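Asker: Pasting a structure here, questions to come.
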Amino acid sequence: MTDGPETADADAGEYLPDDVGAVRSALVEWYETDHREYPWRETTDPYPILVSEVMSQQTQLDRVVDAWRDFLEAWPTVAALAAADRADVVAFWTDHSLGYNNRAKYLHEAARQVTEEFDGEFPETPDGLQELMGVGPYTANAVASFAFDNGDAVVDTNVERVLYRAFDVPDDDAAFERVAGALMPDGESRVWNNAIMELGGVACEKTPRCDEAGCPWRAWCHAYETGDFTAPDVPTQPSFEGSRRQMRGRVVRVLGEHDDLPLDELGPRVRVDYAPDGEYGREWLRGLLDDLADDGLVDVEERDGEAVARLRR
Ligand code: SF4
């Protein structure tokens, strides 16, 4: 991939790390190593991509897969859909519980437009795609990105959550747009939008899975650093599940990134719900550290009346 400019535009640069090229590469490498497979991500044909986008507006992605396959079996090309009887398309929508029937009517009409008004070729830009019936800015941008690698940065609630947590972007539509746009490498909308949506979908979920999902932005992430994982759609600290074994692993990983850490700085990096005097507080953390010390992995010492932990070297 190309990294585009090393520094993002001045306004967005206020929120983004200086090494924005490394931030971009880390995410794309993480995505390309492993991601959820959806059949419409295997094609660059705009017709099946549009069908998947319209279906997934109201239906969970895993449930869309079968409906999408059946739909393309019934109407394999945009011309076939344009030639279909509208009542059959609506009946399909109802039979597959895909939500508002209007979406089926719009999709059928969009196919007719492509066939009759655009000589069978989809427009390739977000603006051009919005001329199709029922295709709003989000869908147009998704089709332009995934079919033509020609879109802008996607900004949905998942992306907003990621940007808010990782780069401390304020909860403000214009700021999200600006930072998302500056972060996306020029001309890389297909892989980039897939990657950042995957990050929001499998790592930076409402309850984040930073370590479990191997989030590639931990080194830069403001939330990971501070332990505050609230977000615009997560107004209170999310509940955080974790086995003792996972927590031990996490202590070791966090300490590996620091020379040493006082308990109250280590705690929030280990559990998002760490509170010094709470159930998961100093006493709980001290118990974990004592176990790790018994296993020869960690040392805890008192310094200026404060317990400080470090990896045993
Ligand atoms: S480190 Fe955690 S909170 Fe930060 S971006 Fe990654 S998954 Fe989200």
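Asker: Tally time: how many residues in the stretch 154-184 are touching a Leu at 6+ places or on another chain (Cβ under 7 Å) and assigned to a helix (DSSP H, G or I)?
Answerer: The qualifying residues number 7.
Asker: Please enumerate the residues belonging to the stretch 185-212 that are away from the ligand (no atom under 16 Å from the Cβ) and assigned to a loop (DSSP other than H, G, I, E, B).
Answerer: P185, D186, G187, E188
Asker: For the stretch 159-183, give me each residue that is surrounded by 20 or more Cβ atoms within 10 Å (Cβ to Cβ), within 16 Å of the ligand (Cβ to nearest atom) and not β-branched (V, I, T).
Answerer: If the condition is that a residue be surrounded by 20 or more Cβ atoms within 10 Å (Cβ to Cβ), within 16 Å of the ligand (Cβ to nearest atom) and not β-branched (V, I, T), then E160, R161, L163, Y164, R165, A166, F167, F176, A180, L183 are the ones that fit.
Asker: Mind counting the residues in the stretch 213-222 that are of a type in the set (F, W, Y) and either touching a strand residue (DSSP E or B) at 6+ places or on another chain (Cβ under 9 Å) or near the ligand (Cβ under 6 Å from one of its atoms) (or both)?
Answerer: 1
Asker: Working only within the stretch 124-158, note down all residues that are of a type in the set (S, T, Y) and either within 16 Å of the ligand (Cβ to nearest atom) or at pLDDT 95 or above (or both).
Answerer: Once the filter is applied, which keeps residues that are of a type in the set (S, T, Y) and either within 16 Å of the ligand (Cβ to nearest atom) or at pLDDT 95 or above (or both), the stretch 124-158 yields T125, T139, S145, T157.
Asker: Does any residue in the stretch 30-57 that is touching a residue at least 60 places away in the same chain (Cβ under 8 Å) come within less than 7 Å, Cβ to Cβ, of a residue that is of a type in the set (D, E) six or more places away or on a different chain, and which pairs are these?
Answerer: Matching pairs, first to second residue: Y31/E198; H35/E198; R36/E198.
Asker: If you don't mind, another one. If a residue has to be at pLDDT below 95 and out of contact with any helix residue (DSSP H, G or I) (no Cβ under 7 Å at 6 or more places or on another chain) to count, how many in the stretch 182-202 make the cut?
Answerer: Counting residues in the stretch 182-202 that are at pLDDT below 95 and out of contact with any helix residue (DSSP H, G or I) (no Cβ under 7 Å at 6 or more places or on another chain) gives 3.
Asker: Can you spot a residue in the stretch 301-308 that is farther than 27 Å from R161 by Cα, in a helix (DSSP H, G or I), modelled with pLDDT of 90 or more and in contact with a strand residue (DSSP E or B) (Cβ under 7 Å, 6 or more places away or on another chain)?
Answerer: no
Asker: Among the residues of the stretch 229-239, are any of a type in the set (G, A, S), in a strand (DSSP E or B) and surrounded by 15 or more Cβ atoms within 10 Å (Cβ to Cβ)?
Answerer: Looking for residues that are of a type in the set (G, A, S), in a strand (DSSP E or B) and surrounded by 15 or more Cβ atoms within 10 Å (Cβ to Cβ), one finds at least one in the stretch 229-239, hence yes.
Asker: What do you reckon, is G227 at pLDDT below 95 and closer than 23 Å to D45 by Cα?
Answerer: no
Asker: Name the residues in the stretch 262-300 that are assigned to a strand (DSSP E or B) and either surrounded by fewer than 20 Cβ atoms within 10 Å (Cβ to Cβ) or out of contact with any strand residue (DSSP E or B) (no Cβ under 9 Å at 6 or more places or on another chain) (or both), would you?
Answerer: Within the stretch 262-300, P262, D299, V300 meet the criteria.
Asker: Against the condition modelled with pLDDT of 90 or more and in a loop (DSSP other than H, G, I, E, B), how does W217 come out, does it pass?
Answerer: Taking the combined requirement at face value, the residue satisfies it.
The values are calculated or read from the model by the stated rules, or taken from the named source; none is laboratory data. This is a predicted model, so every value here is computed, not measured. Neighbour counts run over all protein chains shown; Cβ positions are idealised from the backbone, glycine included.
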